[in-house]
Amino acid sequence: MPAHRHVVPQRAGKGHLQLTEAELRHWGEDLGRAATPPLLITLTGELGVGKTTLAQSICFGYGVKEEITSPTYALVHEYVAAKSPVFHIDLYRLESADQLTNLGWDEIVSSRALVLVEWPERAESRLPDDHLPIDLDYIADDPTRRILLAG
């Protein structure tokens, strides 16, 4: 997978960007429009922080026309877009990185596709070094906004 320049929004002060849900969706759509395969994007953050919302927005911007749903139980969802296939993977229910083989992990991460991975830390050493990391976090005392760190 070729190296990608990490996308950090211009208005992000010191790598932090505070966003409402609408702004997060807009940022994700912009990222999806700018994405070129192959690209692996990892999404980290606590439960309910907005990882799936961001994944949906990236997919929409990338050109996926069908409804994007959380792959929490299926673990992997594949979508069609004009640029390439899109794989949305949720590793939350994985018990060990050894289970990645059963998901077709090696084939997916080496394909010419857009790959979005929630809970990437569960992939351990099998996560390729060349990926775009995005972290989401809650803002204390402000339930309407999130902190986004990209790159």
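Basic side chains Lys and Arg get +1 at the Cβ, acidic Asp and Glu get -1 at the Cβ, and with that the dipole of the chain about its Cα centre reaches some 540 debye. Per-residue ellipticity at 222 nm from helix content only, as computed over the chain with -39500 (n - 2.57) for each DSSP H run of at least four residues, stands at -6500 deg cm²/dmol. When DSSP beta bridges are restricted to pairs lying wholly in the stretch 6-151, around 55% turn out antiparallel. Averaged over residues, the count of other Cβ atoms within 10 Å places the peptides 47-58, 122-133 in the sequence 47-58, 122-133, highest first.
Only Cα pairs under 8 Å and 6+ residues apart enter the sum, and on that basis the relative contact order of the stretch 17-150 stands at 34 percent. Projected label points at Lys65 and Glu23, each 7 Å from Cα along the beta carbon direction, are separated by 3.4 nanometres. Kindly identify the stretch 17-150 as rounded, prolate or oblate by the Cα gyration tensor criterion: order the square roots of the eigenvalues as a ≥ b ≥ c, call it rounded if a/c is under 1.5, otherwise compare a/b with b/c, prolate if a/b is larger, else oblate. Here the stretch 17-150 falls in the oblate category. Is the shape of the stretch 90-151 best called rounded, prolate or oblate, per the rule: a/c under 1.5 gives rounded, else a/b larger than b/c gives prolate, else oblate, with a ≥ b ≥ c the square roots of the Cα gyration tensor eigenvalues? Verdict is prolate for the stretch 90-151. Each of Leu100, Ala123, Leu148 was placed along the dipole of the chain (beta-carbon charges, centred on the mean Cα), and the one lying farthest toward the positive end is Leu148.
No value in this document is a laboratory result; all are computed from the given coordinates. Treat the numbers as computed from the prediction; the structure is a model and nothing was measured. In this analysis, Cβ positions are derived from the backbone assuming ideal geometry, glycine residues included, and neighbour counts consider all displayed protein chains.
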